[in-house]
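J.: First, the structure itself, so that you have it in front of you.
The values are calculated or read from the model by the stated rules, or taken from the named source; none is laboratory data. All figures in this text were calculated on a predicted structure; none of them were measured in a lab. Cβ sites come from the backbone with ideal geometry, for glycine too, and all protein chains shown count toward neighbours.
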Amino acid sequence: MKSRAGHWDQIFSGTEDDQLGWYEASAAPTLALMATVPGWQSSTVFLPGAGTSVLIEELLSEGVPLVLNDISRTALEKLKKRLGVRGSAVHWLCQDIAQSLPSDLPPVDIWVDRAVLHFLIDEADIEGYFTNLRSTLRRGGYALFAEFSKEGAAKCAGLDLHRYSVEELSSRLGDAFELKAAFDHTYINPGGDPRPYIYALYKRTGSDGFSPG
Ligand SMILES: C[S@@+](CC[C@H](N)C(=O)[O-])C[C@H]1O[C@@H](n2cnc3c(N)ncnc32)[C@H](O)[C@@H]1O
């Protein structure tokens, strides 16, 4: 059986970026939410499962410091090539986001996940993901999620999904996170198929004993 990383490597090595089933020519819905975060342009942003998203250039052009994670080395290599010298300012991190993150990461101000969390199916992986978020995101920081909603497709990239409601995201984050905004967004994939997403932005207002600072 192919490994999780091998599955994604194969997709990225065999597909042009603009033909990926989650490709968006503009990350406008994500940027609209990010723009509501005070001082977002000077915030350190962590992208789990960054893939080859155009959001990365959109953030780099604003001078946003980035930590880019992906389980797929192929995706990160493609992205590095595309960014050229602009990639030298990026903190790169190739690993499974469900596994413990290294301790030398810079404190993160905004965690931005589009279409990554919903691929984690096992409860231990989901818990590992949220433990990483809590240990990385500073108090006062923000977490932004764009995941397949309960009305969304049951599979993507050949994998089963765990679809989300705002209620479930809130409950998994716990009382230390305050919901600031949420909306439904129907993304149309390159095949022309509608894919309903839920977008939600949280502020980490409280302390739950995990925060890096
Ligand atoms: C549907 S794509 C979304 C990519 C990007 N966030 C975007 O919006 O274009 C999912 C991404 O998550 C990565 N990924 C999947 N499982 C992962 C995991 N457990 N840890 C880190 N990255 C993962 C994949 O390699 C892929 O780049």
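J.: If you check every pair at least six apart or on different chains, which have Cβ atoms under 6 Å apart with a residue in segment 13-30 that is surrounded by 11 or more Cβ atoms within 10 Å (Cβ to Cβ) first and a residue that is in a helix (DSSP H, G or I) second?
T.: S13/T74; A27/L55; A27/E58; T30/L55
J.: Given the conditions (1) in a helix (DSSP H, G or I); (2) more than 9 Å from the ligand (Cβ to nearest atom), and given that S26 satisfies all but one, which numbered condition is not satisfied?
T.: Going through (1) in a helix (DSSP H, G or I); (2) more than 9 Å from the ligand (Cβ to nearest atom) one by one, S26 breaks only (1).
J.: Right, here's the next one. May I ask you to verify whether A153 is farther than 28 Å from S42 by Cβ, within 14 Å of the ligand (Cβ to nearest atom) and out of contact with any helix residue (DSSP H, G or I) (no Cβ under 9 Å at 6 or more places or on another chain)?
T.: When the stated conditions are applied, A153 passes them.
J.: Give me a count of the residues in segment 89-104 that are assigned to a helix (DSSP H, G or I) and near the ligand (Cβ under 9 Å from one of its atoms).
T.: 0
Yes or no, residue by residue, for (1) among the aliphatic types (A, V, I, L, M); (2) touching a Gly at 6+ places or on another chain (Cβ under 7 Å); (3) surrounded by 14 or more Cβ atoms within 10 Å (Cβ to Cβ):
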residue: L101; (1), (2), (3): yes, no, yes
residue: V108; (1), (2), (3): yes, yes, yes
residue: D122; (1), (2), (3): no, no, no
residue: F145; (1), (2), (3): no, no, yes
residue: G158; (1), (2), (3): no, no, no
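Each row is one residue, and each column tells you yes or no for (1) more than 12 Å from the ligand (Cβ to nearest atom); (2) part of a loop (DSSP other than H, G, I, E, B).
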site: A5; (1), (2): no, no
site: W8; (1), (2): no, no
site: D18; (1), (2): no, no
site: L33; (1), (2): yes, no
site: Q41; (1), (2): yes, no
site: E62; (1), (2): yes, yes
site: L76; (1), (2): no, no
site: G87; (1), (2): yes, no
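J.: Same structure, new question: Identify, please: which residue in segment 166-183 is in contact (Cβ under 8 Å) with a residue 12 or more places away in the chain and farther than 20 Å from M34 by Cα and is, among those, surrounded by the most Cβ atoms within 10 Å (Cβ to Cβ)?
T.: Among residues in segment 166-183 that are in contact (Cβ under 8 Å) with a residue 12 or more places away in the chain and farther than 20 Å from M34 by Cα, the one surrounded by the most Cβ atoms within 10 Å (Cβ to Cβ) is R172.
J.: Inside segment 107-147, can you point out the residues that are within 13 Å of the ligand (Cβ to nearest atom) and part of a strand (DSSP E or B)?
T.: Correct list: W111, V112, D113, R114, L144, F145, A146, E147.
J.: Touching a residue at least 40 places away in the same chain (Cβ under 8 Å) and over 22 Å from A146 (Cα atoms), is that true of T52?
T.: Judged against the criteria, T52 is not a match.
J.: Further question on the same structure: Please give the number of the condition S211 fails out of (1) of a type in the set (S, T, Y); (2) at pLDDT below 95; (3) not in a loop (DSSP other than H, G, I, E, B).
T.: Result: S211 fails condition (3) only.
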